[in-house]
Amino acid sequence: MAALTPTSLQDLTTIAIPRHARWDPLGLMTVRSHVRESLASIGPVEEHRFISNSEDGVNFILKLPGRQPTLKPLLVGAHYDGPLHSIGADDNASAVAALLELARRWSAHPPRRPVWLVAFDLEEWGMLGSAALAEKLRTDQQPLKLMVSLEMLAYTSEEQNYPHPAMRAVYGDRGDFIALVGNAGPALMLTQLTHAMGQHVITKALPVPRAGRDVPDVRLSDHSPFWDRGYDALMVTDTSFMRNPNYHQMSDTIETLDLPFLAAVIDGLDSALSEL
């Protein structure tokens with residue numbers, strides 16, 4: 001059974017605190033500092049500062065070279081701000097802990113292509129950080145192989161809900177899987193990643209047409225601004241409020257999480273994305 005490293009567990013503990021831009025700005029500053037310092041211990045960190053809808057924030061970007069540095073980069077991101085009135089352990093401390101662990105692994109064992117690891121700010125305000133970065137990359141005509149948004153990675157349940165009841169027949173009744181939700185462009189990559197991650201954790205894919213506009217629930221993370229600007233992108237998720245009753249509640253604590261599941265998801269992401 002997979003297990004979190006002590007460093008990842010410490011990351012999770014440090015990040016799973018109230019950290020909403022208005023409700024607990026001191027908590028957000030604390031987490032910002034931890035994320036920046038953790039990434040900076042690996043390599044040079046770019047600070048992408050932005051102002052949107054009168055809100056200002058900062059995304060942190062760590063660029064790691066790949067074994068084949070001329071390939072299009074892969075962008076892997078997770079938002080470090082937290083929901084209003086919530087500890088935010090699953091949402092989204094689980095994913096930031098995964099992002100930091102992947103950064104450490106990939107600095108020691110470079111993946112096939114360059115990887116940009118991005119900690120997004122102000123997702124809870126309407127994906128403001130990811131929208132600002134996606135717009136900048138589009139303006140700069142920066143190509144990406146794929147954008148991957150890590151969004152809630154650590155909750156399992158005996159029951160699973162869906163945005164459409166018919167999906168139950170395909171995906172099952174148990175919330176014991178990690179979901180890959182991608183737009184139409186990366187269909188072949190979605191199949192490849194599902195198979196590779198499936199060697200570590202039960203993995204199920206959901207391809208969505210029209211950038212998810214027919215199923216708004218699948219747009220609620222940092223991948224959707226990249227969809228809207230023409231990039232191939234996917235969300236890796238435990239399905240959020242479709243499974244986790246603690247979503248945006250003070251009860252979203254580390255004690256409710258399935259930590260071996262999170263460890264297996266990290267192992268699966270490492271294996272699958274390293275060879276993309």
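A few points about this structure:
- Filter result for the condition that a residue is farther than 20 Å from VAL218 by Cβ, crowded, with 24+ Cβ neighbours inside 10 Å, β-branched (Val, Ile, Thr) and within 14 Å of the chain's Cα centre (by Cα), over VAL148, VAL96: VAL96
Per-residue answers, yes or no, for (1) at pLDDT below 95; (2) surrounded by fewer than 24 Cβ atoms within 10 Å (Cβ to Cβ); (3) within 23 Å of HIS195 (Cβ to Cβ); (4) under 14 Å from the mean Cα position of the chain (by Cα):
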position: THR239; (1), (2), (3), (4): no, no, yes, yes
position: THR256; (1), (2), (3), (4): no, yes, no, no
position: LEU259; (1), (2), (3), (4): no, yes, no, no
position: ALA264; (1), (2), (3), (4): no, yes, yes, no
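- The set of residues from region 59-81 being more than 19 Å from PRO225 (Cβ to Cβ) and either part of a loop (DSSP other than H, G, I, E, B) or free of Cβ contacts under 8 Å to residues at least 12 places away in the same chain (or both) comprises PRO65, GLY66, ARG67, GLN68, PRO69, THR70, LEU71.
- Selection within region 155-192 - surrounded by fewer than 20 Cβ atoms within 10 Å (Cβ to Cβ) and part of a strand (DSSP E or B): SER157
- Number of residues in region 82-95 that are touching an Asp or Glu at 6+ places or on another chain (Cβ under 7 Å) and assigned to a helix (DSSP H, G or I) equals 5.
- Looking only at region 182-204, residues that are at pLDDT 95 or above, of a type outside the set (Ser, Thr, Tyr) and within 17 Å of the chain's Cα centre (by Cα) come to 4 in all.
- If you go through region 1-36 and keep only what is farther than 23 Å from LEU269 by Cβ, in a helix (DSSP H, G or I) and of a type in the set (A, V, I, L, M, F, W, C), you end up with LEU26, LEU28, MET29.
- Restricting attention to region 1-16 and to residues that are crowded, with 18+ Cβ neighbours inside 10 Å and of a type outside the set (Ser, Thr, Tyr), the residue that is farthest from LEU133 (Cα to Cα) turns out to be LEU4.
- Pick from region 42-58, criterion in contact (Cβ under 8 Å) with a residue 40 or more places away in the chain and surrounded by 13 or more Cβ atoms within 10 Å (Cβ to Cβ), ranking: farthest from MET147 (Cα to Cα): GLU55
- Residue within region 118-127 that is crowded, with 16+ Cβ neighbours inside 10 Å, out of contact with any strand residue (DSSP E or B) (no Cβ under 9 Å at 6 or more places or on another chain), of a type in the set (A, V, I, L, M, F, W, C) and modelled with pLDDT of 95 or more present: no
- Residue that is nearest to HIS85 (Cα to Cα), among those in region 1-41 that are among the hydroxyl-bearing types (Ser, Thr, Tyr) and in contact (Cβ under 8 Å) with a residue 24 or more places away in the chain: THR13
- So VAL170, is it more than 30 Å from ARG113 (Cβ to Cβ), out of contact with any Ser or Thr (no Cβ under 7 Å at 6 or more places or on another chain) and either of a type in the set (Val, Ile, Thr) or in contact (Cβ under 8 Å) with a residue 12 or more places away in the chain (or both): yes
The values are calculated or read from the model by the stated rules, or taken from the named source; none is laboratory data. The shown structure was predicted, so the numbers you read here are calculated from the model rather than taken from an experiment. Heads up, the Cβs are rebuilt from the backbone with ideal geometry, glycines too, and the neighbour counts pull from every protein chain shown.
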